[in-house]
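The values are calculated or read from the model by the stated rules, or taken from the named source; none is laboratory data. Source: prediction; values computed, not measured. All Cβ positions, glycine included, derive from the backbone under ideal geometry; neighbour counts span all protein chains shown.
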Amino acid sequence: MSVKKKFKGLSDKAVGWLFIGPTVLLLLAINIYPLVYAIKMSFTNFYANKIGREPQFVGLKNYIKVLNKEAIWEKMQVTASFMFWTLLLQAIIGLGLALLLNRKFKGNELLTTLIVLPMMLSPAVVGVFWTYLYNPQVGLFNYMVNFFYDLGSFDMIGSSTLAPWAIVIVDTWMWTPFTMLICLAGLRSVPNYLYEAAEVDRASKWQQFIYITLPSVLPFLLLALLFRGIENFKMFDMVVELTSGGPGSATELASINLKREAFEKWKTGYSSAFAVILFVTIFGFGNVYVKVMNKIKER
Amino acid sequence: MDTSRSYLEPSSFSKKMAAAIIIVYAVVTLIPISWMVMTSFKNVDSAISYPPEVLFEPSLEGYVNLFTNRSRQSQEYLDSLPPPENWYEELVRSREMVITGPSKFLGRYSNSMIIGFGSTFASVFLGALAAYAFSRFRVPLKDDLLFFILSTRMFPPIAVAVPIFIMYRKLGLGDTHLGMIILYTVVNLSLAVWLLKGFMDEIPKEYEEAAMIDGYSRLQAFFKVVLPQAMTGIAATAIFCMIFSWNEYAFAVLLTQFNAQTAPPFIPTIIGEGGLDWPAIGAGTTLFLLPVMIFTIILRKHLLRGITFGAVRK
């Protein structure tokens, strides 16, 4: 008798397939099939709103069109600067808060939970209520800014110089707790004996920070930024509700532009090519980033 | 002066400083949320007064407006009506309006509930099965499969929205509860599998092996021994899936309209006379955010794991 037969019922192999099968099938049907379909459409001149019209194969035309369009590069630039500022601010503030919370004062569990609340909320609903806070006539944000420093009347959402900052502020408000939590986990993972040894060697507090704390927390911070980077590259909901990409196209991130091309102009072929390019970008950058991250971790 | 040199035992002064800064940050960061809750209890006039009113006479106008449709009437018409039957009718009449019927909010809210619970149940159930298999069996290409499952989360939703839109139109799933439940189940599956695998890895194999030696089959051992052991993890995972479905906007706004629309695309469309009705939006937001805040507090011990797909466990 084989070893497996010693228990009754299905073999482990059968149970394994039975358990994994449904998940893989569902992902193939609702995730991979649409992606393959999108890739297929990206080589055609298909318009999803024109039913009955046979789409024609156009080769790489859509890709060439996307890459040659100046407006697309503008959107990429908007997306890149949004990512740069949000990640930078969230890294600095998040790490700072984590260092403070790590001093284990009374009540820090409760405070952590309170600080974390914004990131659990619906981004779209957050976008809506920030339009109220940013309202140039009655907004609380404008009132508070003027309370501390008299700027007079200003419109965060209506001005094309301020709108990019409006979305950076909301994203930072919402997601700083994310980097904070992950950095905090990093700080708590540092074994105490490292500090004890450093103290025996009479290392200053500053040296301990630079040579022990920072290197230990860095992989965690990088992981947090990876998650935030992917999310903000895809950013859609909060910004749509806050500025709907405007004024003009000052805050029109890649995803918002994609939605306009796909669901307002119904250029399915063209927008699919754009979607594929975005997907390849995110995937490529993600992979390179993970490799760099792992190298840093190894050191 | 801060004379302590130690990271392990910060001086009480540095502890106090840290606490003070954190408290200030917590207060500032909670202002937007509290402001929205306060606005929900203002009347329409006090919500648009400047400077913003911190002290105000509480009113339920926002909640009444959220749940009703109203129309403006002439004073003569209002006088000709029988006296109002209840407090909310009186409140609406004082604004020279009459209630014409319930608003769509309750329907949208219950859509969020149905789709949220349905997809959460499905993704946790399927996720638990897959996670168990990944945790216990030698699956060919295990790492590749796990990475594949995770990578599905990287697609921008808009990128797959068009094909799904076309597919759903063909299958008759567009703007239906079932369609949205399936979609959210799939989006949540990656999270469910990764989180639950972490939790299952922590349950010693010996438990189910002992049960199997006692005559349980593998399936019985899974359902009667492993699942009860994994309950905390399953509950935490379920809350994360629920929060995602509850908050999701991109698919909801693109794929639903009349029948299965959830609350997030609906709340921004609450419009009063002459612009947005801020107390009503505040009321909708408050009712919508309340469950998430409660869940967050319940979940606080597992937050870190949930937001990193199990990558960071503490």
Can you name the residue in segment B:24-34 that is facing chain A (nearest Cβ under 7 Å) and closer than 17 Å to A:PHE105 by Cα and is also surrounded by the most Cβ atoms within 10 Å (Cβ to Cβ) among such residues?
B:TYR25
Name the one entry in B:SER112, B:SER123 that is within 30 Å of B:LEU66 (Cα to Cα), in a helix (DSSP H, G or I), in the same structural domain as B:GLY233 (by TED's automatic domain parsing) and in contact (Cβ under 8 Å) with a residue 60 or more places away in the chain.
B:SER112
For A:ASN232, are the conditions met, namely being free of Cβ contacts under 8 Å to residues at least 60 places away in the same chain, over 22 Å from A:LYS69 (Cα atoms) and in a helix (DSSP H, G or I)?
no
Selection from segment A:184-226 of residues aromatic (Phe, Trp, Tyr) and either touching a residue at least 12 places away in the same chain (Cβ under 8 Å) or outside any helix (DSSP H, G or I) (or both) yields A:TYR195, A:TYR211, A:PHE220
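Residue by residue, here is whether (1) part of a helix (DSSP H, G or I); (2) β-branched (Val, Ile, Thr); (3) within 9 Å of chain A (Cβ to nearest Cβ) holds:
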position	(1), (2), (3)
B:PHE13	yes, no, no
B:ALA18	yes, no, yes
B:ILE22	yes, yes, yes
B:MET36	yes, no, yes
B:LEU55	no, no, no
B:TYR63	yes, no, no
Please identify the pairs in which a residue from segment A:22-49 that is exposed (fewer than 15 other Cβ atoms within 10 Å of the Cβ) has its Cβ atom under 8 Å from the Cβ atom of a residue that is part of a loop (DSSP other than H, G, I, E, B), counting only partners at least 6 apart or on another chain.
A:ASN49/A:TRP266
State which residue is surrounded by the most Cβ atoms within 10 Å (Cβ to Cβ) when the search covers only segment A:114-142 and only residues that are not in a helix (DSSP H, G or I) and not hydrophobic (A, V, I, L, M, F, W, C).
A:SER122
Quick check: anything in segment A:68-90 within 25 Å of the chain's Cα centre (by Cα), part of a loop (DSSP other than H, G, I, E, B) and polar (S, T, N, Q)?
no
Within segment A:242-254, restricting attention to residues that are at pLDDT 90 or above and in a helix (DSSP H, G or I), which residue is farthest from the other protein chains (Cβ to nearest Cβ)?
A:THR243
Search segment A:94-124 for residues being touching a Pro at 6+ places or on another chain (Cβ under 6 Å) and at the interface with another protein chain (Cβ under 7 Å from one of its Cβ atoms), and hand back the single one that is modelled with the lowest pLDDT.
A:ARG103
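With modelled with pLDDT under 90 and within 24 Å of the chain's Cα centre (by Cα) as the only criterion, which of B:GLY127, B:GLY179, B:GLY174 stands out?
So the residue among B:GLY127, B:GLY179, B:GLY174 that is modelled with pLDDT under 90 and within 24 Å of the chain's Cα centre (by Cα) is B:GLY174.
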